[in-house]
Structures are given as C-alpha cells and as structure tokens.
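Shown next, in structure tokens, is the structure this report addresses.
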There are 2 protein chains.
Amino acid sequence: MQQRALATRERLLRAAAEIFAANGYAGTSLTEIHERAGVTKGAIYFHYPNKESVAEAIVERQLERWPALVKRFCGEESDPVVVVVALTFAITRAFRDEPVMRAGARLALDRNVGAWEAAFTQVLQPAEKAGELAEGVTAEEAARVVVSSFFGVFQVSDTLGRADTEERLREMWRVVLFGIQAEPSPRATVRRAEALALT
Amino acid sequence: MQQRALATRERLLRAAAEIFAANGYAGTSLTEIHERAGVTKGAIYFHYPNKESVAEAIVERQLERWPALVKRFCGEESDPVVVVVALTFAITRAFRDEPVMRAGARLALDRNVGAWEAAFTQVLQPAEKAGELAEGVTAEEAARVVVSSFFGVFQVSDTLGRADTEERLREMWRVVLFGIQAEPSPRATVRRAEALALT
C-alpha cells in the first residue's frame, strides 16, 4: 500500500476508535467516522466497506499488540508473577493513552477476556511447576481470578468516572498477591512490575 | 393504594425490569413495557408518567432491599468477613433469580458500586479494629478490592455468556481472602458464608 493510503488508513482507524471508545458500536456511524477523520467517503469505502470491517480492524490491531509484549516481559523478568502484574499495568496505560486499544477492548470484551485468561495461564504455568504459586492454586485458577479482578477494577473506576485506575490496580494486587504467591511479597512484586511495565 | 392497583404496579415493574435487564435503558420503550406487562397505557401512565420514573422505581426497589439483609447477616454471624462473603453470594443469587434486582444494578451501576463500598466498609470496620484484617489493610481498602473483584466476576461471567458466576465467585474468594484475613481460612469462611447466604 502507498504511503499516503497507509496514512489515511491510520487516520481512519484512530478516528473510528475514538468514537467507538466513547459511544460503543451501536452508537457510531460511518458518516461520523469519515467526518472526524476528515477523509472522503470514497477513501473510507476503499479501506473499509462497512462499519463492521472498521470495528474488526480495530479489534485485531488491539489483540495482535499483546503477544510481543508478553514475550518481551518474559525475556526481561524471571518471575512469572511479576510478568503478569507488569502486563496489567502496561494494558492499563495502553487503554488510558491509546484510543485504538481502548476501543478494541470495548468492542470485543469476550475475546479480550479469553485471550488474557489463556495468556496469563501460559505465563504462570512455570511458576506453578516451580511451586511458586500458593498451595492449591493452579495457574489457570490464578489467571481467571486475575482477569476478573483486573476487569472489575476497570469497570468500577470507569463507572465512578474517576482517574484512579492505577491506584485501584495497586490496591487490588496488594490483596490478591497474598492468595497467588507461595511466599507473598506484594509490595516488592508491584514495584518490580511497575518498573518493568515502564520499559 | 388499592389491592388491584398494587398488583398492576408490581406487574409493570417486573415487566420493565425484564426488558431493562436484557436491553438496557436506551434499548427499552414504554410501549414494550406495557405490552409485556399486559396493562393498558392508561394504567402505566397512572403509575409512571415516563420511562425515567419506571427506571428510578426499579433502582430504588433494588437499593432499598440490601440494608435489611446486611443487618440480618450481621445479627446472625459474628465474623464480619463471613458477612461480607455471604452478602456477595446473596447478591449473586438475587441477580440470577430476580429481574428487578438485575435491572436495578444494570441501570445504576455507579450507585451500586458506591453503596456496596460504603456498606462493606462499615461491616468490616469492627474486624479492622479487632485486628482480624491482614496487616496494613484497612476496612475501606478491603471493601474497594472486594467490590471491584466481585463486579469483575459478574462482568467476565456475563461477557462469556456462562452460568458459572457462583463458581468464579468461590474461586475469587479463595484467593482474595488470603489478602484480607489476618489468619486466612478461605475454604471454611466460604463454607460458612454460603450457609449463611442460604438462610
């Protein structure tokens, strides 16, 4: 694709993401998207024939972003629990700063939940094998509890219209890690994870 | 109010709750409500002049239900943590079985979050004073983490379209209680709480 066509597509995706993130799928029209993006109707139809295809492109863009991040964090940090905590901080920041990430999650919450349960399970399996998880807790159980607690933090923080998501996330981890780590060290773990998430 | 008028109002509230719970506020019309309730338009206007007033009646009905339950559980059980766990099971069952409860929560998630954070804080304060909460955790912090984890369990379970809310709730408590109780006994606590919730 030519440079200019690529730039137009990026502008479209970003504009669409901003509207989807704010108003949801049903509350968004193609006309709004092309108006906000400042591109002609012809250009939008060239890239995306309908609203569904723009939404799908955003969801895929969002979901394909994470495997590389998981891999990088696993490469830089030997403690799987720190990796999972770091991922939640990285996701939180991406949701806060990038409309495409926020819209992608809102448009396909079910695929996000499924993807994260699977990814966290995989990351935590070595910790389970090494006896680093709390007694009686499997990697899969820990992953499920982490995903629902993490999404709950978002929902509650969003619902109350507050900008305290990161503070609530820290608070959640300080409690939840006691039930996940064989030798709980919540504060140190969160500190290491936040440093990793910033790299 | 006469017996018949009361019965009509109940039928209206229930029909409205079923539609609100399924389709949300924006996706519901007064016409659908009176059709589902099988009452005349005149009757619905007599009780509720507009959609907003039906929704508000459902929200109030839902919110006013809980203080009596909190009081009863506190009277029957001396461990505040068991009371909080029992409340989450009782709420889960009410949401599952009663459209008015489910719709009320969906229509006013912000007021629900606020109400539960306040209620759980109050219930847990004696535990904090008695040194029964984990070191460094206040009643308010514990209440915030519990509310967000609890709402996350609902959201994830709903999103995945599964009927596993109670199982996820048990799993959540088995992890979260380690970070809340000074002397964690998650399985026994959940057992006692579920028994209390069934009374």
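Please note which helices (runs of 4 or more DSSP H) are completely contained in region A:1-109 and include at least 1 residues that are of a type in the set (S, T, Y). Reasoning before the result, please.
Values: elements: A:3-23, A:30-37, A:41-47, A:51-76, A:80-97, A:99-107.
Because the criterion is at least 1 residues that are of a type in the set (S, T, Y), the helices (runs of 4 or more DSSP H) in region A:1-109 that meet it are A:3-23, A:30-37, A:41-47, A:51-76, A:80-97.
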When A:T31 is evaluated against the numbered criteria (1) buried (at least 18 other Cβ atoms within 10 Å of the Cβ); (2) of a type in the set (S, T, N, Q); (3) not assigned by TED's automatic domain parsing to the domain that holds A:N112, which criterion, by number, is the only one it fails? (1)
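Within region B:109-121, how many residues are of a type in the set (A, V, I, L, M, F, W, C) and at pLDDT below 90? Before the answer, list the steps.
We begin by selecting, within region B:109-121, every residue of a type in the set (A, V, I, L, M, F, W, C); these are B:109, B:113, B:115-116, B:118-120.
Okay, now just the ones that are also at pLDDT below 90, so B:109.
Going through region B:109-121 one residue at a time, the tally reaches 1.
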Consider B:V100 against the criteria (1) within 14 Å of chain A (Cβ to nearest Cβ); (2) aliphatic (A, V, I, L, M); (3) over 23 Å from A:R144 (Cα atoms): it satisfies all of them except one. Which criterion is unmet? (1)
What single numbered condition from (1) more than 9 Å from chain A (Cβ to nearest Cβ); (2) touching a Lys or Arg at 6+ places or on another chain (Cβ under 7 Å); (3) not hydroxyl-bearing (S, T, Y) fails to hold for B:L133? (2)
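Being crowded, with 22+ Cβ neighbours inside 10 Å and within 13 Å of chain A (Cβ to nearest Cβ): is that true of B:V175 here?
Details: crowded, with 22+ Cβ neighbours inside 10 Å: yes; within 13 Å of chain A (Cβ to nearest Cβ): yes.
In short, yes.
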Considering only residues that are at pLDDT 95 or above and of a type in the set (D, E), look in region B:66-104 and name the one that is surrounded by the fewest Cβ atoms within 10 Å (Cβ to Cβ). B:E76
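Take region B:110-128 and flag every residue that is closer than 20 Å to B:E166 by Cα and either among the polar types (S, T, N, Q) or outside any helix (DSSP H, G or I) (or both).
Of the residues in region B:110-128, the ones closer than 20 Å to B:E166 by Cα are B:112-113, B:116, B:120.
B:N112 - this is the single residue of region B:110-128 that is closer than 20 Å to B:E166 by Cα and either among the polar types (S, T, N, Q) or outside any helix (DSSP H, G or I) (or both).
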Conditions first: (1) within 30 Å of B:R187 (Cα to Cα); (2) touching a Lys or Arg at 6+ places or on another chain (Cβ under 6 Å). B:A21 passes all but one, so which condition is the exception? (1)
Run A:G131 past the list (1) farther than 27 Å from A:N23 by Cα; (2) outside any loop (DSSP other than H, G, I, E, B) and report the number of the one that doesn't hold. (2)
Can you report the number of residues in region B:178-197 which are β-branched (V, I, T) and either part of a helix (DSSP H, G or I) or away from chain A (no Cβ under 11 Å) (or both)? 2
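Based on what the data block shows, is A:F150 assigned to a helix (DSSP H, G or I), at the interface with chain B (Cβ under 9 Å from one of its Cβ atoms) and either of a type outside the set (F, W, Y) or under 26 Å from A:A105 (Cα atoms) (or both)? It would help to see each step written out before you state the result.
Values: assigned to a helix (DSSP H, G or I): yes; at the interface with chain B (Cβ under 9 Å from one of its Cβ atoms): yes; either of a type outside the set (F, W, Y) or under 26 Å from A:A105 (Cα atoms) (or both): yes.
It is true that A:F150 is assigned to a helix (DSSP H, G or I), at the interface with chain B (Cβ under 9 Å from one of its Cβ atoms) and either of a type outside the set (F, W, Y) or under 26 Å from A:A105 (Cα atoms) (or both).
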Yes or no: A:A142 surrounded by 18 or more Cβ atoms within 10 Å (Cβ to Cβ), touching a Leu at 6+ places or on another chain (Cβ under 7 Å), within 10 Å of chain B (Cβ to nearest Cβ) and without any contact (Cβ under 8 Å) to a residue 60 or more places away in the chain? yes
Condition broken by A:V147, with the remaining ones in (1) surrounded by fewer than 22 Cβ atoms within 10 Å (Cβ to Cβ); (2) in contact (Cβ under 8 Å) with a residue 24 or more places away in the chain satisfied: (1)
Options B:V175, B:V137; residue that is assigned by TED's automatic domain parsing to the domain that holds B:V85 and either part of a helix (DSSP H, G or I) or more than 22 Å from A:E183 (Cα to Cα) (or both): B:V175
Can you name the number of the only condition in (1) within 21 Å of A:A182 (Cβ to Cβ); (2) exposed (fewer than 15 other Cβ atoms within 10 Å of the Cβ); (3) more than 10 Å from chain A (Cβ to nearest Cβ) that B:A163 fails? (1)
Mind listing just one residue for me: the one in region A:105-129 that is within 12 Å of another protein chain (Cβ to nearest Cβ) and of a type in the set (D, E, K, R) and, of those, surrounded by the fewest Cβ atoms within 10 Å (Cβ to Cβ)? A:D110
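The values are calculated or read from the model by the stated rules, or taken from the named source; none is laboratory data. Note that the structure is predicted; figures quoted are calculated from it, not measured. Cβ: placed from backbone, ideal geometry, glycine included. Neighbour counts: every protein chain shown.
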